[in-house]
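Engineer: To start, I am sharing the structure in question, which I have written as structure tokens.
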Amino acid sequence: MSYRWFPLMTALAAITLAGQALSPAVKTANTGKTWTPPRTPDGHPDLQGVWTNNTVTPLQRPKAVGAKEFYTEAELAENQKREGQRLALNEEEGLPTAAGTAADVHYDFSEFGLDRAQAKLVWDRRTSMIVGPEGTIPPLTPEARKRNADRAAKAKGHEFDGPEDRPLGARCLARANVGPPILPAGYNSNLQIVQGPGYVALEAEMIHDVRIIPTDGRPHLPANIRQWGGDSRGHWEGNTLVVDTTNFTDQNPFAGAQNLHVIERLTPVDKDTILYQFTVEDPGMWTKPWSGELPISKIQGQLYEYACHEANYGLQNTLRGARVAEEEAAKKAGK
Amino acid sequence: MRTRLFIMATAVGLLLAAAPVWAHHAFAAEFDQNKPLKLHGTVTKWEVVNPHSWIHIDVKGDDGAVVPWMIEGGSPNSLYRLGFTKESLPAGTEIIVEGYQAKDKSNRAVGKNITFTDGKRLFLGLQAAESAPTDKK
């Protein structure tokens, strides 16, 4: 697949998922009961800890599921069983790829501990994270379609010119899962929340990004200051942390979005679960706002530092590979 | 046999869905699908670095000459959670690597599968860490 459009990978991933599989899901975190979370010394709900949003629930609803928003408990149990069976097979048996194809140029995820089912999964009965009868990202506006097509046309043939032409993820700069909205990363889908007076800090293990969210009522940055992760401001509504994020660049997490606005709601629903809800809007990008939710579950242990720049040999190898190919083509043309 | 096939078919569907399509980089852009290889070598160093670990091995050719290779492997974070540590792969370990060579034709490759000489998979069969599948709920 083309990684030129890395920031749209979330959407691509969901489309891929939609075309391929039944999606398991589970017990919804919303039990209807209100749980009273412990408080921090300054009196706010204490959300601190290490959490995972590792899930099998796709962002967008698979076509085959239709308008059904939730699986039944029986379907959920079946999906869980299947996920266990899948992991019991290693990748060689479970997903035989033909030697000499691009799909085969990859390592066995289960061997390297990268299969999502090798980490704690948060189960939910939802058929997709995106809520509502459609369960999909709304269509792009005509202007967004044109903008994206123009961008793609301009980039064509220059994908390997230099590091700036590689996707943000391959450059260790940003990953769409960090968002906001925060979405599962595929592997190392973990995050840590730390609170202090007037601030909530949210660190995503992939790729070692910390979002510092002031909760003291200060205004957003001036509109001309744009950041890959936007500019977040939080406030408390009862037990819910509400985070409003603006000031995104047009590169991340949804490439082409010019005026992205994300609202997140983090509500502790029991001692091990936060219900994470989000709404995404940009009238110049999508024909209407869209919302999603997924439970986030507490895990033991700690985040490991994912210092992506530490040894990003992959980027060197890719660019050097392109230079070698160019030299060979030039030599051939010269003869 | 039929049951087995059914399970496999189901598994294939789910696995496609499971493969992290947002893996760090496009492997096919870095490694060459036309250059599959199988190397039998001795570990000289394991770089437990992000975003991917790299195993350095010495491979002895038919002519007796030793050629060093670098093999790309999984994310250290995930391997740590599987129970693997820096000490788990000491220098001198003999391994067999099946993978693909880098497009720049250097002695670098992605290690699709890495096995010990007895066929056992290198990173499997470890003591599961806290976030193992059994922790599911």
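Bear in mind that the values in this text are calculations on the coordinates, not laboratory data. Since this is a predicted model, take the numbers as computed values, not measurements. Glycine gets a Cβ as well: all are built from the backbone with ideal geometry, and neighbour counts include every protein chain shown.
Engineer: So for the pair A:A155, B:K120, with labels modelled 7 Å out along Cα→Cβ, what separation do we get in nm?
Structural biologist: According to this spin-label approximation, the distance is 4.5 nm.
Engineer: Subtract the Cα-Cα distance of A:A325 and A:D42 from 0.36 nm times their separation in residues, and report this length gain in nm to one decimal.
Structural biologist: Between A:A325 and A:D42, full extension yields an extra 95.8 nm.
Engineer: Next up: Taking 0.36 nm per intervening residue step and subtracting the Cα-Cα distance, what contour gain separates A:E134 from A:V210 on full extension?
Structural biologist: Full-extension gain reported as 24.1 nm.
Engineer: Relative to the Cα centre, what is the charge dipole magnitude of chain A, using +1 at the beta carbon of each Lys and Arg, -1 at the beta carbon of each Asp and Glu, and rounding to the nearest 20 debye?
Structural biologist: 680 debye
Engineer: Using the basic label-point model (7 angstrom from Cα toward the beta carbon), what is the A:L221 to A:E73 distance in nanometres?
Structural biologist: According to this spin-label approximation, the distance is 4.9 nm.
Engineer: With a point put 7 Å past each Cα toward its Cβ, work out how far B:K60 is from A:T34 in nm, to one decimal.
Structural biologist: Result for the modelled spin labels: 7.4 nm.
Engineer: If you average the C-alpha positions of the range B:74-93 and of the range A:267-335 separately, how far apart do those two centres end up, in angstrom?
Structural biologist: The range B:74-93 and the range A:267-335 have Cα centres separated by 23 Å.
Engineer: Based on the alpha-carbon gyration tensor of the range A:185-259 and its eigenvalue square roots a ≥ b ≥ c, which shape applies: rounded if a/c is under 1.5, prolate if not and a/b is larger than b/c, or oblate?
Structural biologist: Oblate, because a/c is 1.5 or more while a/b does not exceed b/c.
Engineer: Another question about this same structure. What is the range A:48-109 by shape, rounded, prolate or oblate, if you read a ≥ b ≥ c off the alpha carbon gyration tensor as root eigenvalues and call it rounded for a/c under 1.5, prolate for a/b larger than b/c, and oblate otherwise?
Structural biologist: It comes out prolate by the Cα gyration axes.
Engineer: Using just the Cα positions, wrap the range A:144-224 in a convex hull and report its mean projected area in square nanometres, one decimal place.
Structural biologist: Averaged projected area of the range A:144-224's Cα convex hull equals 7.8 nm².
Engineer: Please list, in chain and number order, the residues 5+ apart from A:T40 or on another chain whose amide H is under 5 Å from its amide H, with Hs placed from the backbone.
Structural biologist: Residues meeting the amide H criterion: A:D46.
Engineer: Please report, in debye to the nearest 20, how large the charge dipole of the range A:188-240 is about its Cα centre when each Lys and Arg carries +1 at its beta carbon and each Asp and Glu carries -1 there.
Structural biologist: My answer is approximately 180 debye.
Engineer: For a Förster distance of 25 Å, can you work out the FRET efficiency between the beta-carbons of A:K146 and B:K105, rounded to the nearest 0.05?
Structural biologist: 0.05
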